[in-house]
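A.B. asks: Take a look at the following structure, please.
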Amino acid sequence: MTGHRENGAPVPAQVLDALRRIVGDGGWTSRPEDLEPHVTEWRGRLHGRTPLLVRPRNTAEVSEVLRTCHAAGVGVVPQGGNTGMCGGAVPDADGSQVLLNLGRMDAIESVDADNYSLVAEAGCILSRVQAAARESGRYFPLSLGGEDSCQIGGNVATNAGGINVLRYGMMRDLVFGLEVVLADGTVWDGLRVLRKDNAGYDLKQCFIGSEGTLGVITRVALKLFPDPGPLQTVMLAFPDATSAVSAYAWLRQQHPDRIQAFELIGATPMSFVLQHIDGVRSPFDRAHSWYVLADFAAPPATVEDSIAELLERGLVLDAVVAKSLTESAALWRLRHSISESERREGSGIKHDVSVPVSRLQQFLDRAEAELAAAVPDAEPVVFGHLGDGNLHYNVMLRTGVGQPGETVTRVIYDLVTELGGSISAEHGIGVFKKADLAARAAPATLRLMRSLKDALDPTGILNPGKVI
């Protein structure tokens, strides 16, 4: 029988000693200065405590760590690059949970160019996966702002999205198979590289997006794609979001399966970037209400012809086409710097929501009006992935968060729910959205989630207090 300790109970010394022995010298730390970046959410919104951080070298050590913690009822918080947006990789403040960091398991084990597949350990940094695919003449499409620090296991555990979802889908669509260590230390080997496999339930999908609450992902088998070649980057200016949606619909007809990214940026986040980020500049002579940054895997001439027609139709107010990789990188730096510029501007309330693309303008108009009535000093900071309906509808409150912040979130989530959307499009639930999920998800959905959690983690040691 396994035991379950009360929340807040100190981790027994014998358990800590056993964990140190499992990972060996160089595989653990309890020094406060070493722990600090691992127990703090990167924006400073959460600060936890842990008596020990372990960094196993392989799956066998992960298995032993979990087996030991399971027997003692000690909570374990799996952690990748700690770049998440919902506090899912940070331990509680009571110091009763052990941190399990996968950073030393960072090998790219194989690249099979003919099978368009790649196998890597969970701690491998995303940008290294991208580079390994390129070196083999292939392409791994997941791309996001933290790709130089986030780990591929964390990307899978959070079902990461990024800028290329339009063409390639989310992380759930990019995984062939997984190796996962369950709560009791059992190693589940689902590390397949097959495009067709109907032998029973697709168990890997249980762990993709589970945020470390059902098992610890240790190895991943990923889908690769043909190299799309040089991308054509353009930035477009629009009078309103409806024009941007109409432009996207028309461009999708003109360039089927060739739009890699179509990112919507509001005037406010653009102004924050220009104000707070060194070395950036606007590509336009004047400010506009809305912008779109897009990548096309299409010949330059056809892209330019399409943009010219949009200008003639009046859907687009102005356009800039990158003429080099340097110009493309400069335009994408504007998009990737939004989160950093927001942090420098001040405290804001983050909302990662999605609505049907056809209802995007309705959502924007109503959200602005309802927020203005409920919280007059609310300043929306809106950007996101227009083609898949995912908006980062963040709100700055100049007088602080507190009760007004709760009102802001209620207004936005009520509207998203009414329009048939989701309160979490790509960032997950973690700890920040746990109460909102409990309040808004259908009772049957919550029962199924709880049944799955109880079956795979009956003593509740995996990422306690997260998701459900």
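A.B. asks: Can you go through GLN130, GLN151 and tell me which one is touching a Ser or Thr at 6+ places or on another chain (Cβ under 9 Å) and surrounded by fewer than 22 Cβ atoms within 10 Å (Cβ to Cβ)?
C.D. replies: Sole residue among the options that is touching a Ser or Thr at 6+ places or on another chain (Cβ under 9 Å) and surrounded by fewer than 22 Cβ atoms within 10 Å (Cβ to Cβ): GLN130.
A.B. asks: Further question: Which condition from (1) farther than 30 Å from ILE163 by Cβ; (2) surrounded by fewer than 20 Cβ atoms within 10 Å (Cβ to Cβ); (3) aliphatic (A, V, I, L, M) is the one that VAL98 breaks?
C.D. replies: That leaves (2) as the condition not met.
A.B. asks: Now a separate question. Which ones in segment 173-203 are of a type in the set (A, V, I, L, M), part of a strand (DSSP E or B) and without any contact (Cβ under 8 Å) to a residue 40 or more places away in the chain?
C.D. replies: VAL180, the sole residue that qualifies.
A.B. asks: Can you go through ASP257, ASP295 and tell me which one is crowded, with 22+ Cβ neighbours inside 10 Å, of a type in the set (D, E, K, R) and out of contact with any Cys (no Cβ under 8 Å at 6 or more places or on another chain)?
C.D. replies: Exactly one residue qualifies, and that residue is ASP295.
A.B. asks: Return a yes/no flag: does segment 445-456 have any residue that is without any contact (Cβ under 8 Å) to a residue 60 or more places away in the chain, among the basic types (Lys, Arg), under 18 Å from PRO78 (Cβ atoms) and surrounded by fewer than 22 Cβ atoms within 10 Å (Cβ to Cβ).
C.D. replies: no
A.B. asks: Then there is this: Report yes if ALA267 is touching a His at 6+ places or on another chain (Cβ under 6 Å) and either at pLDDT below 95 or not aromatic (Phe, Trp, Tyr) (or both), otherwise no.
C.D. replies: Spelling it out, it is not the case that ALA267 is touching a His at 6+ places or on another chain (Cβ under 6 Å) and either at pLDDT below 95 or not aromatic (Phe, Trp, Tyr) (or both).
A.B. asks: When you look at SER341, is it over 20 Å from the mean Cα position of the chain (by Cα) and either surrounded by 21 or more Cβ atoms within 10 Å (Cβ to Cβ) or part of a helix (DSSP H, G or I) (or both), yes or no?
C.D. replies: In short, no.
A.B. asks: Okay, next question. Restricting segment 43-61 to residues that are closer than 21 Å to SER149 by Cβ and buried (at least 19 other Cβ atoms within 10 Å of the Cβ), which is modelled with the lowest pLDDT?
C.D. replies: By that ranking, first place goes to LEU46.
A.B. asks: What residue, among those in segment 212-247 that are buried (at least 21 other Cβ atoms within 10 Å of the Cβ) and among the hydroxyl-bearing types (Ser, Thr, Tyr), is farthest from GLY81 (Cα to Cα)?
C.D. replies: SER243
A.B. asks: May I pose another question? Suppose we keep only residues that are in contact with a helix residue (DSSP H, G or I) (Cβ under 9 Å, 6 or more places away or on another chain) and over 12 Å from LEU236 (Cβ atoms) within segment 306-321. Which one would you say is modelled with the highest pLDDT?
C.D. replies: GLU309
A.B. asks: Sticking with this structure for a sec: When the residues of segment 81-100 are narrowed to those that are more than 18 Å from the chain's Cα centre (by Cα) and polar (S, T, N, Q), which ends up nearest to GLY26 (Cα to Cα)?
C.D. replies: Ranking the candidates gives GLN97 first.
A.B. asks: Of a type in the set (D, E, K, R) and modelled with pLDDT under 95, is that true of LYS434?
C.D. replies: Yes.
A.B. asks: Then there is this: Of LEU360, LEU364, LEU334, LEU317, which residue is surrounded by fewer than 20 Cβ atoms within 10 Å (Cβ to Cβ) and either of a type outside the set (Gly, Ala, Ser) or on the phi < 0 side of the Ramachandran plot (or both)?
C.D. replies: Only one candidate passes the filter, namely LEU317.
A.B. asks: Give me a count of the residues in segment 306-315 that are part of a helix (DSSP H, G or I) and either over 15 Å from ARG252 (Cα atoms) or touching a residue at least 60 places away in the same chain (Cβ under 8 Å) (or both).
C.D. replies: 6
A.B. asks: Which one of these is under 25 Å from ARG258 (Cβ atoms) and not assigned by TED's automatic domain parsing to the domain that holds PRO283: PRO380, PRO299, PRO356, PRO376?
C.D. replies: PRO356
A.B. asks: Would you call ALA441 under 24 Å from MET170 (Cα atoms), outside the structural domain of PRO356 (by TED's automatic domain parsing) and either surrounded by 17 or more Cβ atoms within 10 Å (Cβ to Cβ) or modelled with pLDDT under 95 (or both)?
C.D. replies: Spelling it out, ALA441 is indeed under 24 Å from MET170 (Cα atoms), outside the structural domain of PRO356 (by TED's automatic domain parsing) and either surrounded by 17 or more Cβ atoms within 10 Å (Cβ to Cβ) or modelled with pLDDT under 95 (or both).
A.B. asks: Now a separate question. Out of the residues in segment 71-86 that are out of contact with any helix residue (DSSP H, G or I) (no Cβ under 8 Å at 6 or more places or on another chain) and crowded, with 21+ Cβ neighbours inside 10 Å, which is farthest from PRO464 (Cα to Cα)?
C.D. replies: By that ranking, first place goes to MET85.
The values are calculated or read from the model by the stated rules, or taken from the named source; none is laboratory data. Everything quoted here is computed from the prediction, not taken from an experiment. Cβ: placed from backbone, ideal geometry, glycine included. Neighbour counts: every protein chain shown.
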